[in-house]
Amino acid sequence: MSDRVVALLFGGKSPEHEISIISAKAIAEHIDKQKYTIYPLYISQNGEWFMGRTAQEILDLDMSSLLKQHSLEETGYQLRNMTENRENDLFRFDFQQKGIDVAFPVLHGTYGEDGKVQGLLEIFGIPYTGCGVQASAITMDKAVTKICAAAAGLNIAEYITASSSDYLIDPSAILTMVEEYFSPPFFVKPATLGSSVGISKVHDMDTLPEAIEAACRLDEKIIIERAVNGREVEVALLGNENPIASCAGEIEPGGDFYDYTDKYIGNAAKLHIPAKIDQKTHASLQESAIKIYKALGCSGMARADFFIEHDSGRLIFNEINTIPGFTGISMYPMLMENSGIGFTELVDKLLQFALEKTVP
């Protein structure tokens, strides 16, 4: 392959903004620089696109350390300062003029993982890594994904959904509905966010309003879901029409569940790669992961998350992430590395799969 210019899209209008910067930095450090030239494009939290010095300076930040030393508010303030009076670095969406061959969106969450930026790139005729518009949009909504998973024959945890607007209009009606369906423990989640942002585990009904309000602040739709008493396992997937599944990895949370702090700040969780499970269960996990990947029309990459229920041994599908984390402690690259595909080779394969999709 000749030298190709890769637009690395990071940041974004999402609560997962800072994690995107960490993932992008890792990709930039591991990409094969003999084959690819990185063209960083930083998207601020208010939606402005920056190139040049501004994008590079933010890409070079040690965001992991900043998050450990400062609050999210303080970190956000620093990022906003870095983009002030930088009008000369605004990107004008002149992809072809800049010589960009392919895009690598590392935009976790809304406005990045939900099909919006994928549609924009298709309008401009730029191939990109990961899932297409339809698969991205479907998988971004946890409730819709569960419907598809159940239709594909996978087990899912019992759940209900509610709209944030309905809760604001009549909180008591939503609280009553939840109490009729569930007894603690159960989870309350925003329907379209990742990285465990806005998720609460409810152990006492007195804390339910606070949990619902936290989720409603972040999303128009929320999910209330039974807490599965089981082991949390994940499988990385790679490829287009004929995807491969990595070995399964197991997460042993450092707290009540694998939340945002545990993932990116405290690092208290224990990761077991490969998961300590029998061969038959391992094979079933890989088979189920490929089944949901194909059923949802995924391409390029995804990470499928499951539970192994303690009492029954059943595999219960949890969710699928189409732009999984690429940080130094993220499961997706670690699972692939354990399966024989190192970080640099993984980035190369993802770019090749992106370019492959454009061939008639």
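The values are calculated or read from the model by the stated rules, or taken from the named source; none is laboratory data. These numbers come from a predicted model, not from an experiment. FYI the Cβ positions are ideal-geometry reconstructions off the backbone, even for glycines, and counts take in every protein chain you see. Keep in mind that these areas ignore ligands, DNA and RNA; they rest on the heavy atoms of the full protein, side chains included. Shrake-Rupley method; radii C 1.70, N 1.55, O 1.52, S 1.80 Å.
On full extension, the segment bounded by GLN134 and HIS203 gains 21.2 nm, given 0.36 nm per residue less the C-alpha separation. Taking a point 7 angstrom from the Cα of ALA152 along the C-beta vector, which residues in the stretch 291-323 have backbone N less than 12 Å away? Label zone hits: 291-299, 302-306, 317-322. Work out the FRET efficiency for SER183 and HIS272 from their Cβ-Cβ distance, taking R0 = 30 Å, and round it to the nearest 0.05. Efficiency computed from Cβ-Cβ geometry: 0.50. Distance from the Cα centroid of the stretch 333-350 to that of the stretch 131-208 is 32 Å (rounded to whole angstrom). Taking all protein chains as they are arranged and a probe of 1.4 Å, the heavy atoms of SER172 leave approximately 70 Å² accessible to solvent.
Starting from the Cα gyration tensor of the stretch 158-218, take the square roots of the eigenvalues, sort them a ≥ b ≥ c, and report rounded, prolate or oblate (rounded when a/c is under 1.5, otherwise prolate if a/b is larger than b/c, else oblate). Cα axes put the stretch 158-218 in the oblate bin.
Between LEU120, LEU66, LEU154, the Cα set farthest toward the positive side of the dipole of the chain (charges on each charged residue's Cβ, about the Cα centre) is that of LEU120.
Among 76-88, 179-191, 235-247, sorting by the average number of other beta carbon atoms lying within 10 angstrom of each residue, highest first, gives 235-247, 179-191, 76-88. Placing +1 on each Lys and Arg Cβ and -1 on each Asp and Glu Cβ, with no other charges, gives the chain a dipole about its Cα centre of roughly 960 debye. Here the Karplus curve 6.51 cos²θ - 1.76 cosθ + 1.60, taken at θ = phi - 60°, turns the phi angles of the stretch 74-86 into couplings of 5, 5, x, 4, 5, 5, 5, 4, 6, 9, 5, 6, 10 Hz, with x standing for Gly and Pro. In this structure, the amide hydrogen of VAL102, modeled 1.01 Å from its nitrogen in the peptide plane, lies closer than 5 angstrom to those of VAL5, ALA7, counting only residues at least 5 positions away or on a different chain. What does the C-alpha gyration tensor say about the overall shape of the stretch 1-157? Classify as rounded when a/c is under 1.5, otherwise prolate if a/b is larger than b/c, or oblate. The shape class here is oblate. Considering only protein heavy atoms and a 1.4 Å probe, what is the carbon-and-sulfur percentage of the accessible area of the chain? With neighbouring chains kept in place, the figure for the chain is 49 percent.
Applying the Karplus relation 6.51 cos²θ - 1.76 cosθ + 1.60 with θ = phi - 60° to the stretch 55-61 yields 3J(HN,Hα) values of 4, 5, 5, 6, 4, 7, 4 Hz, where x marks Gly and Pro. Please tell me which of these pairs span more than 25 angstrom C-alpha to C-alpha: LYS25/LYS221; LYS146/LYS357; LYS25/LYS276; LYS189/LYS270; LYS291/LYS357; LYS25/LYS349? Those over the limit are LYS25/LYS221; LYS146/LYS357; LYS25/LYS276.
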